Amino acid sequence: MGFCFWFFLVFILWQMMNVPTQAAIAVGGGVGINIGNGGGGGGVWFGGGININNNPTPSGPSVSKLNNAYTALQAWKSAITDDPLGVLKTWNGSDVCSYKGVFCSVDSSNEPFVVAIDLNHGNLQGTLVKELSFLTDITIFHLNSNRFSGTVPDTFNDLTSLQELDLSGNYFSGSFPMVTLYIPNLVYLDLRFNNFSGTLPEDLFYKRLDAIFLNNNQFEGELPSNFGNSPASVINLANNKFNGNIPASFGFMRSKLKEILLLNNQLTGCIPQGVGLFSEMQVFDVSHNSLMGHLPDTMSCMSDIEVLNLAHNELSGVLPDIVCSLRSLMNLTVAYNFFSGFGQECSKSFYRDVGFDFSLNCIPGRDMQRPQPQCNVIPGSGLSCLRIPSPQPLVCGALFENLNPNVTPSSSPSP
């Protein structure tokens, strides 16, 4: 945020304040520069609730756009039943760009339109209305930490420019909102901390999303077989009620996943061998499940992994040195399992500034282990995890050729 940045920002604002068709330049929480690729959302945002200029009445196409926005926002205002912070006090009159939480931009003809809504932490109570689909140029819709309930209107598929949808921290319910899969330019989907339930559709993981946050809901059932094939870089499914095995196809489509969080579900079975194909994975957390068996040797190919949390499962065998020697590892947690030992590289973790928690296992001669009677019967000792032979020593670059179950994706909805 040096002098050059502020000079550039002041210059842009000065330019906008001197265009022939002036919009009400207002700053209400931030200015966005070069936001998004769709819907004309680039450039400088204005609006948000604090007027700076008296603007002439817009004419031409913008009249229709702002009229549609006025209709949408007034319909929504009527569906909001509690506003203890007075967020909507400014939502009066036809100048929607002066509404608090509503941000505008200008198109190539310097005509204003609504580009974003950010009502995070507004403590608003109400529902979403179908008229919000009139905001066809909106790129960002953020409602984090409010008290909205009900469902997502089916008309949201008309939001053709929308890229970020954040409905987290509310009381939305019902099944997964399928309409979100038909918002063509959506790349960020955040539904965490709501009351959604039911199973997840396979099409979710074919959608070209970069981030999927569904944690802390009531989703259940087995994970779709293609969930690890998503083009997303982050998937968070933690704190739900998913059960069954992690799909055996996990990782085989060369996904670019960097973070996957499956903690605190009801998953069983083995950690699939394909996990090693996530060579760009940085965070892998499957703690607080009921996973069993030995760790696959392909985990040695997770060269970028920083946080590996396997705690509170029923994993067994010897914790292999190939895991402890991962070059980027910063935190390794295997507590509350049934591991029977670990090698020299794991011992060195104590001297590499690697957080290493191996408590409450069955490792002889180590402190803070399970009582011996608990170690007499190892859970899943008869479990046979599918392990496809790979070259010895393991050559990570050859994994995909050796571990290929010929997974064929099915058809997906229009992106």
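The values are calculated or read from the model by the stated rules, or taken from the named source; none is laboratory data. Keep in mind it's a predicted model, so treat the numbers as computed, not measured. Positions of Cβ are generated from backbone atoms using ideal geometry, with glycine treated the same way; all protein chains shown enter the neighbour counts. Quick note on the areas: whole protein, heavy atoms, side chains included, nothing else; ligands and nucleic acids left out. Shrake-Rupley method; radii C 1.70, N 1.55, O 1.52, S 1.80 Å.
Worth a mention:
- Per-selection Rg to Rh, segment 62-197 - Cα, Kirkwood hydrodynamic radius: 0.94
- A dipole drawn for segment 136-281 from +1 and -1 charges on Cβ atoms has a positive end, and of TYR182, ASN217, ASN239 the residue lying farthest that way is ASN239.
- Counted charge near LEU165, where neighbours are those whose Cβ lies closer than 13 Å (Asp, Glu -1; Lys, Arg +1): -3
- Solvent-accessible area of GLU306 with every protein chain in place, 1.4 Å probe, in Å² to the nearest 10: 70
- Surface analysis of segment 62-197 yields an accessible area of 37 Å² per residue, using protein heavy atoms and a 1.4 Å probe.
- Order by protection proxy (mean Cβ within 10 Å, highest first), peptides 258-269, 146-157: 258-269, 146-157
- Accessible surface of PHE358 - all protein chains present, 1.4 Å probe, nearest 10 Å²: 30
- Each of the peptides 94-104, 294-304 was scored by the mean count of other Cβ atoms within 10 Å over its residues; in descending order, highest first, they stand as 94-104, 294-304.
- Net dipole in debye of segment 213-399 [+1 Lys, Arg Cβ; -1 Asp, Glu Cβ; about Cα centre; nearest 20]: 160
- Cα Rg over Rh - segment 213-399, Kirkwood: 0.94
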